[in-house]
Amino acid sequence: MSNPSRRTFVMCVVAGSAAFATSQVAAQAAATVAENDPQATALGYKADTTKVDKAKFPKHEASQMCQGCQLYQGKAGDAAGPCPLFAGKQVSSKGWCSAFVKKA
Ligand code: SF4
């Protein structure tokens, strides 16, 4: 009937294709906001809250992060999640922008 090594090869090709397709979907879902995005620049968004310009945003505190913002829609523990201010993109859970509103 079928040759075991051929069957193994076919299974590897199928598994590899599925893994590739999955990684493509994950890559699309993980499109994060670039700091030089016009909206990000306007809001002073930084993917790392510790990199926020203190002179420009004196009220910013290092403890403020997207994951603690009322607008953040990611799940706890996720590295990034959606934010309505950046439609179709994700913000870093450790990011920050000037529209930050502490979660109640
Ligand atoms: Fe992060 Fe909140 Fe600004 Fe969205 S509004 S980028 S969740 S700080």
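Read the figures in this text as sums done on the coordinates, not as results from a lab. The model shown is predicted, which means the values in this text are computed figures rather than measured ones. With ideal geometry, Cβ positions are generated from the backbone for all residues, glycine too; neighbour counts draw on all protein chains shown.
Just a few scattered comments:
- Cross-link check: pairs 59/89; 54/75; 75/103; 54/89 evaluated at a Cα-Cα cut-off of 23 Å; pairs beyond the cut-off: 59/89; 54/75; 54/89.
- The lysines whose alpha-carbon is closer than 16 Å to the alpha-carbon of residue 56, local same-chain residues fewer than 8 away aside, are 46.
- A Förster radius of 25 Å combined with the Cβ-Cβ distance from residue 78 to residue 56 puts the calculated FRET efficiency at roughly 0.35.
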